[in-house]
Amino acid sequence: QVQLVETGGGLVQAGGSLRLSCAASEGTFSPYFMGWFRRAPGLEREFVAAIKWSTGNTYYADSVKGRSTISRDNAKKTVTLQMNSLKPEDTAVYYCAAATSFYLTPPRVNAYNYWGQGTQVTVSS
């Protein structure tokens, strides 16, 4: 089975930056979209960013727009989320996800059928 593995989480002070990466275990994996979601304590999982694999078109949640950049590497089948100007409210477990089908653009959370294990991002004040 295809596995998604996130790396790059950690502890950072407010205003700092982190770069999260996600790699698929199989190089032939070709989803329509890959994206990032996060779940903060006591809250529902929320959309962060997504990228359409074929075109590179990107989509961002309002909460991170202007501070985050999602990118992909077609050859390596990796997706990266660069997060700058981090805030304490960015603290969450961040999940990489892939969608092999879609209806809406970007896909909603239930359209993603592959998920990583999550990586913890903690932003201190």
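The values are calculated or read from the model by the stated rules, or taken from the named source; none is laboratory data. All figures in this text were calculated on a predicted structure; none of them were measured in a lab. Ideal geometry is used to build each Cβ from the backbone, glycine not excepted, and the neighbour counts take in all protein chains shown. Protein only, heavy atoms only, side chains kept; ligands, DNA and RNA dropped before computing areas. Shrake-Rupley method; radii C 1.70, N 1.55, O 1.52, S 1.80 Å.
Looking only at residues that are open to solvent by less than 70 Å² (accessible area, probe 1.4 Å) and part of a loop (DSSP other than H, G, I, E, B) in the range 1-21, which one is nearest to ALA75 (Cα to Cα)? Here the answer is VAL2. For the range 85-102, the count of residues that are in a loop (DSSP other than H, G, I, E, B), modelled with pLDDT of 95 or more and of a type outside the set (Ser, Thr, Tyr) is nonzero. Screening ARG72 against (1) modelled with pLDDT under 95; (2) touching a strand residue (DSSP E or B) at 6+ places or on another chain (Cβ under 9 Å); (3) assigned to a loop (DSSP other than H, G, I, E, B); (4) open to solvent by 40 Å² or more (accessible area, probe 1.4 Å) leaves a single unmet condition, (3). On the basis of being free of Cβ contacts under 8 Å to residues at least 24 places away in the same chain, within 18 Å of VAL123 (Cα to Cα) and open to solvent by 50 Å² or more (accessible area, probe 1.4 Å), does LYS65 make the cut? Here the answer is yes, as LYS65 does meet what is asked.
The residue that is modelled with the highest pLDDT, counting only those in the range 31-52 that are aromatic (Phe, Trp, Tyr) and open to solvent by 10 Å² or more (accessible area, probe 1.4 Å), is PHE47. Taken over the range 22-65, the residue count meeting the criterion of being assigned to a loop (DSSP other than H, G, I, E, B) and not aliphatic (A, V, I, L, M) is 20.
What are the residues in the range 81-114 that are aromatic (Phe, Trp, Tyr) and either surrounded by fewer than 16 Cβ atoms within 10 Å (Cβ to Cβ) or without any contact (Cβ under 8 Å) to a residue 40 or more places away in the chain (or both), if any?
We begin by selecting, within the range 81-114, every residue aromatic (Phe, Trp, Tyr); these are 94-95, 102-103, 112, 114.
Residue satisfying the conditions is TYR103 alone.
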